[in-house]
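This report refers to the structure that appears directly beneath it.
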Amino acid sequence: MSIRMADGTRNELLMNTKLINELVEVAKYSAPIHGFLVRLKESPNSSEVVTYAPITLLSTPMPKAVFLQAMEVQPHYNTLVDKISQQPDFLQEALANTITVDAFTARLFKIHQHVLKEGRLQSIVLGLNRSDYMWEQEENGHTSLKQIEINTFAAAAGGVASRMPDVHRHILKVAGQLEESQRIIDNNAAVGLAKAVAKAWELYGSKRAVVMFLVEENQINILDQRIIENELWKWNIASIRKRFEDVFESGKLDEDKRLFVDCREVAVVYFRNGYMPQNYKSEKAWEARLMMECSLAVKCPDISTHLAGTKKVQQVLSKPGVLERFFPNQPQIVEQVRATFAGLYTLDMGAEGDKTVAMALATPDRFVLKPQREGGGNNIYGQDIREVLGKVKNSPERMAYILMDKIQPVPTQNYLLRRGKPLKLSHCLSELGFFGAYVRRGKDMVMNDCVGYLMKTKSSEHSDGGIIAGVAVLDNPLLF
Ligand code: ADP
Ligand code: MG
């Protein structure tokens, strides 16, 4: 028996219209049975009517070695992010130019400085992140893993991703691919993320205290978060869900800087909102953020870990000698982390930045131009790079961006299922993310794990965009 569904078999299956139509029906009932759900766009704050979270019909083949490489490097990424967050001089130096031209990063940086000045009260650190990758086929046949970025703030979809393997396994079984169905591995992201939150809660040391999910106005993705909340209940940990405005209205610090919201002590603030400028609708939201950062509550992430996840920091890390600062005398770890880097280039003023500009304008299709933004849909590709960079190439405004090599994965074919969308065979590009979870108290790393994965697949017509943005759908790797 072959290890992988032979390409021939997969292609035959994809062309078998009758079977595909049957499998689509199977997918649409199997998804809700397994709790793989999302709220409707038109009623994002109601669970009265929900639908299946968008998915690929079939799992996407990927080399096992590449999957393992990303999984094994994850604890080192956790360590790296954590160490960056403890080095204010590094953050200051890395972001010095960016904050002169990017108002949002500058505002976050101001909070960071404020916290440093007051002195960090809480020695417990909770980090939940997701490092995202694509993989390229090199000319010599070798497959090479390339990091897109690491999300240190509100890394989403760990809850629903944990429900995905069962959906695809079931579809494959109905398709007669029994052996294949067993090749989809378990994904325990939700349990692992919750375990880290629970550990931080426990170390905080107050049985009365709750975990506060800091949530968005539009809660279409609430079920993903509820899966983690439900896991927390297994440790008898209660959670509350509040928006920035709620914290502003009903939040306060007591004389020991303990955070109370609605009269409930908060042990852990788990930010699922606050990574985009538009999340801060007024000064009240910024004041609430500052109050939480200055409190004794464990922040996930704290402001310095938030800044460690900026695209500018990612670019600075790729400069020669920088990783060595974080992993002194650990050349193997440096090598392991660096092996996942794609080319990253500065746009700071000066000769090096000028070289980047010239390179991007000459061959824009080889690159992605990235501002300091999160949430999908902000990056700039192809001819648009010429237009955007053309305007700012001689001014400090260009320092708001970094340039990155465009990763060129081999497309696969699949059906992308999303409520209300017609069925169509698409050329697809897939990305794999690994969830990292760590808890530190003082100098003591109490937990440092890779807790699960997320595969996202999109039509190759789209350069950018996430699941909630309506572009990517959830998937599972079929390892070969
Ligand atoms: P955001 O933080 O807004 O999600 P990302 O840097 O993760 O921004 O990029 C969003 C999406 O754009 C990725 O999920 C991926 O599909 C695409 N993308 C980003 N960087 C690259 C790259 N270097 N090469 C190819 N595609 C990329
Ligand atoms: Mg991101």
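The values are calculated or read from the model by the stated rules, or taken from the named source; none is laboratory data. Keep in mind that what you see is a predicted model, and the values were worked out from it rather than measured. FYI the Cβ positions are ideal-geometry reconstructions off the backbone, even for glycines, and counts take in every protein chain you see. Note: accessible area is taken over every heavy atom of the protein model, side chains too, but ligands, DNA and RNA are not part of it. Shrake-Rupley method; radii C 1.70, N 1.55, O 1.52, S 1.80 Å.
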Alpha carbons only, please: Rg and Dmax for the stretch 1-115, in angstrom.
23.4, 62
If the chain between Arg325 and Ala96 were fully stretched, how many nm would it gain, using 0.36 nm times the residue separation less the Cα-Cα distance?
80.6 nm
Antiparallel DSSP beta bridges within the chain, as percent of all bridges there, nearest 5
80
Expected vector for the stretch 447-455, Karplus 3J(HN,Hα) from phi with 6.51, -1.76, 1.60 and θ = phi - 60°, integer Hz, x for Gly and Pro, equals 8, 8, 9, 9, 10, x, 9, 9, 9
Kirkwood Rh over alpha-carbon pairs of the stretch 118-212 plugged into Stokes-Einstein at 20 °C, 1.002 mPa s gives a D in µm²/s of 126
Subset of Lys64/Lys299; Lys195/Lys257; Lys83/Lys393; Lys117/Lys242 violating a 30 Å alpha-carbon distance limit
Lys64/Lys299; Lys83/Lys393
Mind putting a number on the dipole of the stretch 343-406 about its Cα centre? Charges go on the C-beta only, +1 for Lys and Arg and -1 for Asp and Glu, and I need it in Debye to the nearest 20.
80
Taking alpha-carbon centroids only, the stretch 222-287 lies from the stretch 328-387 a number of Å equal to 34
Provide the per residue accessible area, probe 1.4 Å, for the chain, rounded to a whole number of square angstrom.
42
So for the chain, taking the charge dipole from beta-carbon charges (+1 Lys/Arg, -1 Asp/Glu), which of His170, Val210, Leu296 sits furthest toward the positive end?
Val210
The stretch 21-139 - charge dipole about Cα centre, Lys and Arg +1 at Cβ, Asp and Glu -1, debye rounded to 20:
560
Considering the Cα positions of the stretch 351-466, please state its Rg to one decimal place and its Dmax as a whole number of Å.
18.8, 54
In nm, spacing of pseudo-spin labels at Phe480 and Glu48 (7 Å Cα→C-beta vector)
4.8
Largest-first principal axis extents, alpha carbons of the chain, Å
67, 57, 45
Kirkwood hydrodynamic radius of the stretch 303-389, Cα pairs, Å:
14.6
Ratio to report: Rg/Rh of the stretch 343-406, with Cα atoms as the point set and Rh obtained by the Kirkwood method; give two decimals.
0.92
Along the positive direction of the dipole of the chain (beta-carbon charges: Lys, Arg +1; Asp, Glu -1; about the Cα centre), which of Thr56, Asn221, Gly309 reaches farthest?
Asn221
Using only helices, what value at 222 nm comes out for the chain when you add -39,500 (n - 2.57) per DSSP H run of length 4 or more and divide by the total residues, to the nearest 500 deg cm²/dmol?
-11500 deg cm²/dmol
With a 1.4 Å probe and every protein chain kept in, tell me what percent of the accessible surface of the stretch 341-480 is carbon plus sulfur.
50
Phi-based couplings in Hz for the stretch 238-245 (Karplus 6.51, -1.76, 1.60; Gly and Pro marked x):
8, 10, 10, 10, 9, 9, 3, 4
Express the carbon and sulfur contribution to the solvent-accessible surface of the stretch 219-294 as a percent, rounded to the nearest whole number, probe 1.4 angstrom.
48
Qualifying aspartates and glutamates (Cα of each under 15 Å from Cα of Lys110; at least 8 residues distant if same chain)
Asp89, Glu93, Asp102, Glu118, Glu283, Glu287, Glu293, Asp302
In nm, to one decimal, how far is the modelled label at Ser250 from the one at Leu425, with both set 7 Å along Cα→Cβ?
5.5
